[in-house]
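Undergrad: Before anything else, here's the structure in question.
The values are calculated or read from the model by the stated rules, or taken from the named source; none is laboratory data. Everything numeric in this text was worked out from a predicted model, so none of it was measured. For neighbour counting, all protein chains shown are included, and Cβ atoms are generated from backbone atoms with ideal geometry for every residue, glycine included.
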Amino acid sequence: MNTNNKIKKYIPVILIIPIVVIRGFTTIYPIVITFINSLYNIKVLSGIHEFIGFKNYIDVFKDDKIISSIKFTVIFVVVSMLFHVLLGTVLALILNMKFRGRRFLRTIVLIPWAMPAVVIGMAAKWGFNNDYGLINDLIRRFVPDFQFNWLINTGSARGAVISMDLWKDLPFFAILILSGLQFISEDVYEAAKVDGANSVQIFFKITLPLIIKNILTLCIPFTLWRLTSFDLVYAMTSGGPGEDTSLIAYRIAMESFTNLNIGYASTLAIMLFVLMALFSWVNIRFMNKYND
Amino acid sequence: MSCTNNKENKKEVKSDSFEELNIMHIEADNPEFIKYIDNISKKLNIKINVVPCPEDANNRQAEISTKLYSGSTDIDLISVNDEMVSEFKSKGYLEPLDDIITKDVLQLYPKDYVESVSMYKNSIFSVPYMMDIMMFWVNEKYAGQSKIQDIKNIEDFSLFLDYDYGTAVYAYGGAWEETYIYNDLSQFINMFGGDYYNWNNSDTRAAVIFLHDMLKNGYTSKGQMIDRYEQMEQKFIDGKYGSVFMYSGAMNVFYNSGKYGKDEIHLSKLPKIKSLTTNIATWQYVLNKASKNKSAAKRFLKYISSKEGCVEYSNAMNQIPARVDVILNEDINVPDIDTIREYVKDVELKARPLTSGSMIDISEMGKLFQKYLLDEITLDEFCYNAQKIVNRNYSK
């Protein structure tokens, strides 16, 4: 190998060094520091900073607040993702139909997604209010004496949070599925129709197999976003009633920025990070298997 | 709004002096407050910069804690409430202010309150400038309907609560969100003669049961369990509540709504259930120990704690000053000041029960009490856990 070739071999390495350094500083360094912090009891308000090893990791499983947060996080992610897939696919199919105003509908359907979650949360807090909210106002047009406090009862509060999450992100999910639908040639559908296939058969035998990879791919970031979602709950319910709508990411934010309990918050953050990495790995493995 | 974008948010009040002062203040966005600070700046010849802090109590406390803990020198004086002073005073982040609130000056404030909230190990760490007195407000329309014009005692109050005012309107309204319900809880414990630090006390339990039964009997709304003061005030103004307990600082809100008056919303005497005691809270200035402008800060504090300074604040902001002598004797521009003076003269003014972990404790107590109100736990379970919360951070 001559000198020129040797230099050429190192050029790519030299060129990627800046991005590796930046990435290392902005991603790896915080992860390492968060892990180190998770081994300490750091309570800013009490001035405590002491090494406690893995005690925080053990305490997590004894903490009722965390158990409650984990429960709701599981419900939130599973229910929300289920409806994302079901309703998102239906909405994408509607948007893929040929009708007047289709372009307009495709545009306005994205408006909720473009709004900040905190704004939606604050608006939803008033929207679900018994006295001033538009939800009960609408219901009272049909049932005049209707009185219900949506955000006071556990079930309805959880339902309200999930419905607002769907209202915000479902259209975006649908638009991304729609992009997959648009790659399916019209000829395929016409050939199926000629062969006598009905709409249901066309959907299950042609459309779904061709977009399933799209849906699975979309499920990775959308699930991860649900796992790290905190702003909606922060603005809408503050985790209440009690801890019943306290998502795990909300709990981390509270421990970290309100209680200034940095060590414990770091422990929760590391555990969530591991869970997310694990989920992504399983999902990617599943997709690879599906490809094979 | 965050305190961190200081360059954008900083409101500068210019002066030719070399001395400079940076104040983080809850009212920094209020033009009246800026005018008031401008006047002080000219009087004291100090260049004063005012930066806002977050509206949300939790965010505000976290941001100020972080600034003090990190030894930041960009802020000299901070306006804080009782909860924050109670947490900070023992941590060593604050400069003692014994040379400002001397023994003579201390007599002019509600002494027990200042000793309880501002003092730690015989040193004073804050200078109160605005007082909030927990007061009883009544909607005259409800009083007229129930024919209980003057709620003097528990019997009157019970009759007032028991009257049927119609659908979706309630005899009593509160802000029972987890971090606000503490105010009603401690106020009723005061009136029942109980002790917030002792949950085995029969009077404490009587107050808790009374609040529980108000909800159970439909005298008050379940919906208020997510309400903070802004929602409660709006509902009271809209005539959905017959009575509320609310701090005197809300006077401007009610007055400016055009609903304050003898025929509508008005202040009423405190009903005597067992004890004529009410909570007070103040907003106060604390001096950052890491401050590099301590001399200017102390000159400022000396002025705002003087009679002239108190009157000037009160007239500029239409709020009650923290000094009792000024409330009682000076000509201050606060609506219905005579009724407020009656409270100051006739009612025992008490500091709210606060611990060195106030914000977390208040929130946990609120969540726990909500569970009891919703019958998710029993009275005994509530009291047992409430005692645990109190014991954790409280040392008398």
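Undergrad: Residue by residue through the range B:52-69, note down the ones that are facing chain A (nearest Cβ under 9 Å) and either free of Cβ contacts under 8 Å to residues at least 60 places away in the same chain or at positive phi (or both).
TA: Across the range B:52-69, the qualifying residues are B:Asn59, B:Ala62, B:Ser65, B:Thr66, B:Tyr69.
Undergrad: Between a residue in the range B:105-117 that is over 11 Å from B:Thr282 (Cβ atoms) and any residue that is hydroxyl-bearing (Ser, Thr, Tyr), which pairs come within a Cβ distance under 7 Å, given they are 6 or more apart or on different chains?
TA: B:Val105/B:Ser305
Undergrad: For B:Ser72, state whether it is surrounded by fewer than 18 Cβ atoms within 10 Å (Cβ to Cβ) and over 22 Å from the mean Cα position of the chain (by Cα). Spell out how you get there, then give the answer.
TA: Details: surrounded by fewer than 18 Cβ atoms within 10 Å (Cβ to Cβ): yes; over 22 Å from the mean Cα position of the chain (by Cα): yes.
It is true that B:Ser72 is surrounded by fewer than 18 Cβ atoms within 10 Å (Cβ to Cβ) and over 22 Å from the mean Cα position of the chain (by Cα).
Undergrad: Same structure, new question: Of the conditions (1) surrounded by fewer than 21 Cβ atoms within 10 Å (Cβ to Cβ); (2) over 17 Å from B:Tyr247 (Cα atoms); (3) within 17 Å of the chain's Cα centre (by Cα); (4) of a type outside the set (Val, Ile, Thr), B:Met359 satisfies every one except a single condition; which number is it?
TA: Exception for B:Met359: condition (1).
Undergrad: For residues in the range B:25-70 being of a type in the set (A, V, I, L, M) and in a helix (DSSP H, G or I), which is modelled with the lowest pLDDT?
TA: Only one residue fits best here, namely B:Ala57.
Undergrad: Sort out which residues of the range A:37-57 are outside any loop (DSSP other than H, G, I, E, B), in contact (Cβ under 8 Å) with a residue 24 or more places away in the chain and β-branched (Val, Ile, Thr), and write them in order of number.
TA: Passing the criteria: A:Ile42, A:Val44.
Undergrad: Between a residue in the range B:159-186 that is within 12 Å of another protein chain (Cβ to nearest Cβ) and any residue that is in a strand (DSSP E or B), which pairs come within a Cβ distance under 7 Å, given they are 6 or more apart or on different chains?
TA: Matching pairs, first to second residue: B:Tyr170/B:Tyr241; B:Tyr170/B:Gly242; B:Gly173/B:Tyr241; B:Gly173/B:Val244.
Undergrad: Something else: Give the residue that is nearest to the other protein chains (Cβ to nearest Cβ), with candidates limited to residues of the range A:119-149 that are outside any loop (DSSP other than H, G, I, E, B) and either on the phi > 0 side of the Ramachandran plot or of a type in the set (Lys, Arg) (or both).
TA: Among those that are outside any loop (DSSP other than H, G, I, E, B) and either on the phi > 0 side of the Ramachandran plot or of a type in the set (Lys, Arg) (or both), it is A:Lys125.
Undergrad: Find the residue count for the range A:40-66, including only residues that are within 13 Å of chain B (Cβ to nearest Cβ) and within 15 Å of A:Ser256 (Cα to Cα).
TA: Count: 9.
Undergrad: Select from the range A:78-116 the residues that are of a type in the set (D, E, K, R) and part of a helix (DSSP H, G or I) and write down the one among them that is surrounded by the fewest Cβ atoms within 10 Å (Cβ to Cβ).
TA: Selected residue: A:Arg103.
Undergrad: Now, a different point. Taking the options B:Asp195, B:Asp263, B:Asp227, name whichever one is within 25 Å of B:Ala386 (Cα to Cα) and either of a type in the set (Ser, Thr, Tyr) or surrounded by fewer than 21 Cβ atoms within 10 Å (Cβ to Cβ) (or both).
TA: B:Asp195
Undergrad: Across the range B:90-104, which residue is farthest from B:Val344 (Cα to Cα) among those that are in contact (Cβ under 8 Å) with a residue 60 or more places away in the chain and touching a strand residue (DSSP E or B) at 6+ places or on another chain (Cβ under 9 Å)?
TA: Per the stated criteria, the residue is B:Tyr93.
Undergrad: I've got another one for you. Exactly one of (1) assigned to a helix (DSSP H, G or I); (2) farther than 28 Å from A:Gly239 by Cα is unmet by B:Lys235. Its number?
TA: (2)
Undergrad: Let me ask another. Select from the range A:227-242 the residues that are buried (at least 22 other Cβ atoms within 10 Å of the Cβ), in a loop (DSSP other than H, G, I, E, B) and more than 9 Å from chain B (Cβ to nearest Cβ) and list them in ascending order.
TA: Selection gives A:Ser229 alone.
Undergrad: Pick out the one residue from A:Pro241, A:Pro221 that is within 30 Å of A:Ile66 (Cα to Cα) and modelled with pLDDT under 90.
TA: A:Pro241
Undergrad: Any residue in the range B:305-312 that is closer than 19 Å to B:Asn81 by Cα, in a helix (DSSP H, G or I) and under 19 Å from the mean Cα position of the chain (by Cα)?
TA: yes
Undergrad: Suppose we filter the range B:150-191 for residues that are in a loop (DSSP other than H, G, I, E, B) and among the β-branched types (Val, Ile, Thr); how many remain?
TA: The initial filter retains those residues of the range B:150-191 that are in a loop (DSSP other than H, G, I, E, B), namely B:150-152, B:163-169, B:174-180.
Next, only the ones that are among the β-branched types (Val, Ile, Thr) stay: B:151, B:167, B:169, B:179.
Adding up the residues that qualify gives 4.
Undergrad: Let me ask something else. Picking from B:Asn393, B:Asn329, which residue would you name as being among the polar types (S, T, N, Q) and over 29 Å from B:Ala207 (Cα atoms)?
TA: So the residue among B:Asn393, B:Asn329 that is among the polar types (S, T, N, Q) and over 29 Å from B:Ala207 (Cα atoms) is B:Asn329.
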